[in-house]
């Protein structure tokens, strides 16, 4: 909107020319009509004023056309800037969103029983930052090897959250994935 307003400022000279020329045409027309009332020579006297009124009207039309062209340019540039901004944003966001959806869908399809939490716990130990793993357990790998279901569940939850999913409500025997 600001770009549109800035460009529309360029239309002011064209509008000023159109207004001035319209006013001038009106004055020439009035003068021609007044002189046209003079007996015998009125037509000859009013003819040049009528011609100048016509020329002034042409100048007014040209000024209005210039202002209209600036208006069209302002609308086009404002829309082009908006489209460019949206397209550049979408160019980065859409691929990231599609990749996220693919990862979440694949993880959701794979997680069909509580035993699959073991795999997601292993993935968490391989992919998640160490400070997050330390919040789950001081020895997450050892707990995983021992089969500690609480730690496995928390590690799986950590990994699934990074994929946009949650651990199923009932870990033992549940096959429903929430997401």
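Things worth noting here:
- Take every Cα pair under 8 Å whose residues are at least 6 apart in sequence, average their separation, divide by the length of the chain, and the relative contact order is 20 percent.
- 0 to 90° range, to nearest 10: angle between helix 42-110 axis and the chain longest Cα axis: 0
- Simple label model, 7 Å out from Cα along Cβ direction - residue 90 to residue 73, nm: 2.8
- Inter-part distance, the range 5-52 to the range 91-111, computed on C-alpha centroids, equals 69 Å.
- The chain, helix-only ellipticity at 222 nm - DSSP H runs n ≥ 4, -39,500 (n - 2.57), divided by all residues, nearest 500: -27000 deg cm²/dmol
- The relative contact order of the range 2-97, computed from alpha carbon pairs under 8 Å that lie at least 6 residues apart in sequence, is 41 percent.
Computed from the coordinates by the stated procedures, all read-outs in this text should not be read as laboratory data. Please read these numbers as outputs of a predicted model, since none were measured by experiment. Note: ideal-geometry Cβ built from the backbone for every residue, glycine included; neighbour counts use all protein chains shown.
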